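Taking it in order: structure first as structure tokens, then the write-up.
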Amino acid sequence: MKENLPRIARYALLRAVLLFLAVVLAIYLTVYVANMGGALDDVRKAEIRYAVGMAMGADPTFREMPREEARKLVDAQVQLEVERLGLDRPFIERSFEYTYRALALNLGRSEQMTSDAGSRQVRLILLERLPWTLLLFGTAELFLFFLALFFSLFLSRRYGSFLDRLTIGLAPTSSAPGWFYGIFLILIFSAVLGVLPWGGISDPGLTRGTWEYALSVARHMVLPVTAIVIGAIFASVYSWRTFFLIYSSEDYVELAKAKGLSSRGVERKYILRPTLPPIITSFLLLMITMWMGQIVLETIFRWPGLGRIFYLASQMSDTTVIVGVIVVYGYLLAATVFLLDFIYAIVDPRVRVEAGGVR
């Protein structure tokens, strides 16, 4: 094991560097697009001029000035603000500076939004919302993974049954995103039956850190978690059930059965173990594609996570918050891909991490 550590470390470092470069490129493109290639500078300068004009127009002394003198004073104030924000420099030069600051989440102050504590620091706004997204998304993905895994194993033992055919028939329903089913869940369980809350994170008036608050949060998570699971469960079960059926027909499985091993033992050691790598791959790819779907889902359920803050920032054209959310998503996706190879080596003894890659 010790002799393998340098090889594993070199491979991990190489993967980390490549993924980081991919994140840097994605963030730079985000900065470029969010600023419309520099065209947003003209909009911001117009907003600055309007704000300065309104502020100075409220001063009676300013209103009594000759028009030419007042215009020069406004131009001077606007120029000072433009220089303070760095808008007097070329956008290409500033784009690299913005990318560096974005990667460090050093995005300064938000233009429109504040955190619950009243801060305009973009980093604090994002760090305040990130735990709620991880809580909702992590809980839903854990339910989805284990529920789909056990249900797939169950159906692989009952190939051709009514339940198996029903699952195959329902697989196309996973083409719709989770938020689509969330709308129907809200209509049924909140609007009609009134048994579950349709939005928010807790009931008003509860103190954080108490059991009542935790139970209220769990109750508010029922509908969004259910929507996420419904949106992916049938396609996952159909795909994973196929993997189990393929591996259950291998010769070594038949040999294990001939030796008298129990069905559970054969399933656990000779079917489930070698099937986990493709299952984990498909699950992680599904999880990556579902990240951006959280934006709409959190907005529908008024869940105060990164998705909802991204939607609000888009409505307000708050570029710094938009870029910050993209950076956090980029880091989360890169970490997911980075861990994938090492998860392979853990779940499948046939996989080895070497300097040149995964074998």
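One residue alone among Arg109, Arg123, Arg101 is within 19 Å of Leu40 (Cα to Cα), among the basic types (Lys, Arg), open to solvent by 50 Å² or more (accessible area, probe 1.4 Å) and at pLDDT 80 or above, and that residue is Arg101.
Only one entry in Ser161, Ser152 is at pLDDT 85 or above and under 18 Å from Thr242 (Cβ atoms), namely Ser152.
Taking the criterion of being outside any helix (DSSP H, G or I) and either touching an Asp or Glu at 6+ places or on another chain (Cβ under 9 Å) or aliphatic (A, V, I, L, M) (or both), the residues of segment 203-215 that qualify are Asp203, Leu206. Taking segment 275-316 as the search range and keeping residues that are of a type in the set (Val, Ile, Thr) and surrounded by fewer than 17 Cβ atoms within 10 Å (Cβ to Cβ), which one is farthest from Gly178 (Cα to Cα)? Only one residue fits best here, namely Thr281. Of all the residues that make up segment 184-236, how many are open to solvent by less than 30 Å² (accessible area, probe 1.4 Å), under 30 Å from Leu166 (Cβ atoms) and of a type outside the set (A, V, I, L, M)? So the answer is 4. Could you check, for segment 246-260, whether at least one of its residues is part of a loop (DSSP other than H, G, I, E, B), at positive phi and surrounded by fewer than 18 Cβ atoms within 10 Å (Cβ to Cβ)? Checked segment 246-260: at least one residue is part of a loop (DSSP other than H, G, I, E, B), at positive phi and surrounded by fewer than 18 Cβ atoms within 10 Å (Cβ to Cβ).
Conditions tested, residue by residue: (1) under 20 Å from Val33 (Cβ atoms); (2) at pLDDT below 80.
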residue	(1), (2)
Met290	no, yes
Gln294	no, yes
Thr299	no, no
Phe310	yes, no
Ala313	yes, no
Ile322	yes, no
Ile326	yes, no
Tyr331	yes, no
Thr336	no, yes
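If you check Leu144, Leu149, Leu127, which single one turns out to be farther than 12 Å from Ile233 by Cβ and not basic (Lys, Arg)? Selected residue: Leu127, the only one of Leu144, Leu149, Leu127 that is farther than 12 Å from Ile233 by Cβ and not basic (Lys, Arg).
The values are calculated or read from the model by the stated rules, or taken from the named source; none is laboratory data. This is a predicted model, so every value here is computed, not measured. Using ideal geometry, Cβ is built from the backbone for each residue, glycine included, and neighbour counts are taken over all protein chains shown. Heads up: the accessible areas ignore ligands, DNA and RNA and are worked out on the full protein's heavy atoms, side chains in. Shrake-Rupley method; radii C 1.70, N 1.55, O 1.52, S 1.80 Å.
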